[in-house]
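Undergrad: One structure, pasted below without further comment.
The values are calculated or read from the model by the stated rules, or taken from the named source; none is laboratory data. Just so it is clear, the model here is predicted, and its values are computed rather than measured. With ideal geometry, Cβ positions are generated from the backbone for all residues, glycine too; neighbour counts draw on all protein chains shown.
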Amino acid sequence: MTVCSTAFETLGRSQARALGCPDLPLAFVPHPFGSIAREKLRPVAEDVAKQIETVLAAKARQGAAASAAATKAARAMRMSVPDDVELLHCMFMDEGIGDGLPVIPPTPERVARMLKGTLRAPDEVIAALGPAYGLATVEHIAINAVMAGCKPEAMELLISIVDAIAAPEFNLQGVQATTNPAAVWAVVSGPVAKRVGVNAGTNCLGPGTHANIGIGRALRLMMLNIGGATPGVMDRATQGQPGKFSMICAENEDDTPWQTLGVERGIAAGVSSVTMVGFSGTLNMNTHSKEPEDILRCFSDSMAHAPSNDYWCGGEPWIIFAPEHANILSAAGYSKADVKQKLWDYSLMPASRMAAKDMERTIRTRKSELGVITADTLLPITTEVNRIGVICAGGPGTHSVYVPGFGNSRSVTRAVRDPG
């Protein structure tokens with residue numbers, strides 16, 4: 001059995017069904033239990049213990065043993081749909097298929113064309129995607145790519161994206177099922193960016209670029225249709241964010257003064273890669289300063305905010321430097337490593353800035369890393385300097401972007417195969 005709060009009953013039952021245990025017993029704690037006074041916790045704990053005792057006793061009497069159904073990689077089923085696109089859209093929404101926007105019907109002919117973008121077998125399993133842990137086969141990836149409006153040349157990039165977000169350290173289960181506004185961001189490096197048409201320049205995080213919107217949306221559709229993170233059911237974000245629809249860009253390799261992210265992560269120069277990041281939002285940082293120290297100090301001030309996931313659990317924040325800012329820093333002799341060190345130093349935040357409750361959980365989560373934590377402790381934003389992510393992207397202008405991390409996620413980089 002499992003224990004969850006009353007607000008997450010729907011999530012608990014949905015995930016149990018998705019994992020083949022529809023009858024898994026649940027015990028409930030009243031939500032929000034974080035605000036229950038300490039002196040009132042004992043009756044709550046005793047009630048949960050009684051719920052557990054009742055279930056275990058019943059199981060013992062029945063002599064039943066819990067078992068999960070085996071998951072098989074099946075080919076996609078076919079279904080009849082109306083020709084009218086408006087009726088089709090309504091049908092998909094009723095069935096919980098899609099992100100709320102109209103989709104392109106994934107007919108067998110369209111899926112076959114999409115599969116021409118890879119030499120892999122349609123039934124090859126790339127990964128299991130949480131929280132439902134549905135199996136993402138090459139065919140399933142192609143279906144969602146068709147629905148999002150992708151072109152076949154995006155297939156190998158999408159396959160690498162799926163492989164990366166399924167890595168344990170990425171914690172897709174946490175990203176998908178949290179109350180945080182967590183979303184997934186893809187950073188594309190190397191030749192595949194230009195081959196597929198991923199925007200690295202002006203408006204690279206915005207609308208207007210077919211590849212960015214299509215690939216980002218295909219990822220979201222896979223997280224919904226394969227990963228099972230239906231909003232309000234398994235996806236429990238308090239508000240969510242627009243980045244859940246699509247968040248992807250390429251590094252501006254033509255204008256960056258620094259080593260690209262792929263090479264920094266161990267991918268050979270000239271080889272394509274994609275880095276997947278669990279993030280909480282974006283913040284515009286506009287400064288006309290031409291002084292490197294001023295730029296980095298101001299950016300660090302934006303990073304250091306008290307209600308931050310990154311501070312209480314040692315997360316992974318990112319900065320997207322505009323080419324103008326990046327080249328000012330480089331011209332003054334700042335390497336990417338120098339920039340990370342300055343951001344680390346300037347963003348140290350007194351623990352006293354946190355709410356008392358948040359400081360308590362910071363003491364618990366970072367004690368093994370930082371030792372004794374008091375109100376005077378200067379908290380680093382992450383566990384080590386190199387966990388601050390730095391890339392150069394965007395077009396002309398004095399706007400860089402702070403991308404706070406989800407906290408309980410680590411970015412993952414994967415090479416992208418040449419489609420052959």
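Undergrad: Restricting the first residue to the stretch 79-106 and requiring it to be on the phi > 0 side of the Ramachandran plot and touching a residue at least 12 places away in the same chain (Cβ under 8 Å), which pairs with a second residue that is outside any loop (DSSP other than H, G, I, E, B) and surrounded by 15 or more Cβ atoms within 10 Å (Cβ to Cβ) meet a Cβ separation below 9 Å and a spacing of at least six or different chains?
TA: As it stands, the answer is G96/L224; G96/N225; G98/H89; G98/F92; G98/M147; G98/L221; G98/L224; G98/N225, since those pairs meet every condition given.
Undergrad: On to the next question. Would you tally the residues in the stretch 226-239 being within 21 Å of A167 (Cα to Cα) and part of a strand (DSSP E or B)?
TA: The total comes to 1.
This table checks each residue for (1) at pLDDT 95 or above; (2) surrounded by fewer than 24 Cβ atoms within 10 Å (Cβ to Cβ).
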| position | (1), (2) |
| --- | --- |
| L87 | no, yes |
| C90 | no, yes |
| A148 | yes, no |
| E153 | yes, yes |
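Undergrad: Given the criterion crowded, with 22+ Cβ neighbours inside 10 Å, of a type in the set (A, V, I, L, M, F, W, C) and more than 20 Å from V103 (Cβ to Cβ), identify the matching residue among M223, M303. First the steps, then the outcome.
TA: Working: M223 fails: more than 20 Å from V103 (Cβ to Cβ).
Sole residue among the options that is crowded, with 22+ Cβ neighbours inside 10 Å, of a type in the set (A, V, I, L, M, F, W, C) and more than 20 Å from V103 (Cβ to Cβ): M303.
Undergrad: If we scan the stretch 400-419, do we find a residue that is more than 30 Å from E291 (Cα to Cα), of a type in the set (D, E) and either in the same structural domain as W258 (by TED's automatic domain parsing) or modelled with pLDDT under 95 (or both)?
TA: Yes - at least one qualifying residue is present in the stretch 400-419.
Undergrad: Could I ask something else about it? Among the residues of the stretch 226-255 satisfying the criterion of being touching a strand residue (DSSP E or B) at 6+ places or on another chain (Cβ under 9 Å) and among the β-branched types (V, I, T), which is farthest from A142 (Cα to Cα)?
TA: Checked the stretch 226-255; the qualifying residue farthest from A142 (Cα to Cα) is I248.
Undergrad: A follow-up question, please. Exactly one of (1) under 17 Å from A132 (Cβ atoms); (2) in contact with a Cys (Cβ under 8 Å, 6 or more places away or on another chain) is unmet by F28. Its number?
TA: All conditions pass for F28, except number (1).
Undergrad: Okay, moving on. Would it be correct to say that R410 is surrounded by 16 or more Cβ atoms within 10 Å (Cβ to Cβ) and over 17 Å from W344 (Cα atoms)? Can you show your working first?
TA: Numbers: surrounded by 16 or more Cβ atoms within 10 Å (Cβ to Cβ): yes; over 17 Å from W344 (Cα atoms): yes.
Here the answer is yes, as R410 does meet what is asked.
Undergrad: Let me ask something additional. Considering only the stretch 104-135, state which residues are among the charged types (D, E, K, R) and closer than 17 Å to S160 by Cβ. Break it down stepwise before answering.
TA: So the first thing to find is which residues in the stretch 104-135 are among the charged types (D, E, K, R), and the list is 109-110, 113, 116, 120, 123-124.
Matches in the stretch 104-135: R120, E124.
Undergrad: Exactly one of these conditions fails for A127: (1) touching a residue at least 40 places away in the same chain (Cβ under 8 Å); (2) assigned to a strand (DSSP E or B); (3) touching a helix residue (DSSP H, G or I) at 6+ places or on another chain (Cβ under 6 Å). Give me its number.
TA: Among (1) touching a residue at least 40 places away in the same chain (Cβ under 8 Å); (2) assigned to a strand (DSSP E or B); (3) touching a helix residue (DSSP H, G or I) at 6+ places or on another chain (Cβ under 6 Å), A127 violates only (1).
Undergrad: Say we look at the stretch 128-146 and pick out the residues that are small (G, A, S) and under 28 Å from T10 (Cβ atoms); which of these is surrounded by the fewest Cβ atoms within 10 Å (Cβ to Cβ)? Give the derivation first.
TA: The first filter runs over the stretch 128-146 and keeps only residues small (G, A, S), leaving 128, 130, 132, 134, 136, 142, 145.
The next check asks that each one be under 28 Å from T10 (Cβ atoms); those that pass are 128, 130, 132, 134, 136.
Details: A128: 17, G130: 26, A132: 23, G134: 19, A136: 27.
Ranking the qualifying residues of the stretch 128-146, first place goes to A128.
Undergrad: For the stretch 347-360, state whether one or more residues are at pLDDT 95 or above and under 12 Å from G314 (Cβ atoms).
TA: Checked against the condition, which is being at pLDDT 95 or above and under 12 Å from G314 (Cβ atoms), the stretch 347-360 yields no hits at all.
Undergrad: Restricting to the stretch 240-272, give me the number of residues that are surrounded by fewer than 24 Cβ atoms within 10 Å (Cβ to Cβ), not in a loop (DSSP other than H, G, I, E, B) and not aliphatic (A, V, I, L, M).
TA: 4
For (1) of a type in the set (G, A, S); (2) at pLDDT 95 or above; (3) under 25 Å from P105 (Cα atoms), each residue gets a yes or a no:
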{"residue": "P191", "(1), (2), (3)": "no, yes, no"}
{"residue": "K194", "(1), (2), (3)": "no, yes, no"}
{"residue": "V198", "(1), (2), (3)": "no, yes, yes"}
{"residue": "C204", "(1), (2), (3)": "no, yes, no"}
{"residue": "G208", "(1), (2), (3)": "yes, no, yes"}
{"residue": "A211", "(1), (2), (3)": "yes, yes, yes"}
{"residue": "I215", "(1), (2), (3)": "no, yes, yes"}
{"residue": "L219", "(1), (2), (3)": "no, yes, yes"}
{"residue": "P231", "(1), (2), (3)": "no, no, yes"}
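Undergrad: Test E109 against the criterion of being within 25 Å of the chain's Cα centre (by Cα) and either at pLDDT 95 or above or in the same structural domain as G420 (by TED's automatic domain parsing) (or both), and give yes or no. Working first, answer last.
TA: Details: within 25 Å of the chain's Cα centre (by Cα): no; either at pLDDT 95 or above or in the same structural domain as G420 (by TED's automatic domain parsing) (or both): yes.
Taking the combined requirement at face value, the residue does not satisfy it.
Undergrad: Specify the residue that is surrounded by the fewest Cβ atoms within 10 Å (Cβ to Cβ); the eligible residues are those in the stretch 393-407 that are within 20 Å of the chain's Cα centre (by Cα) and farther than 17 Å from K367 by Cβ. Break it down into steps so the answer makes sense when it comes.
TA: Here is the first cut: in the stretch 393-407, the ones within 20 Å of the chain's Cα centre (by Cα) are 393, 401-407.
Next, from what is left, pick out any that are farther than 17 Å from K367 by Cβ: 393, 401-406.
Working: A393: 26, V401: 21, Y402: 18, V403: 23, P404: 22, G405: 27, F406: 26.
Filtering the stretch 393-407 for residues that are within 20 Å of the chain's Cα centre (by Cα) and farther than 17 Å from K367 by Cβ, the one surrounded by the fewest Cβ atoms within 10 Å (Cβ to Cβ) comes out as Y402.
Undergrad: A follow-up question, please. Quick one: K116 ticks every box in (1) surrounded by fewer than 17 Cβ atoms within 10 Å (Cβ to Cβ); (2) under 22 Å from V403 (Cα atoms) bar one, so which box is it?
TA: Of the numbered conditions (1) surrounded by fewer than 17 Cβ atoms within 10 Å (Cβ to Cβ); (2) under 22 Å from V403 (Cα atoms), the odd one out for K116 is (2).
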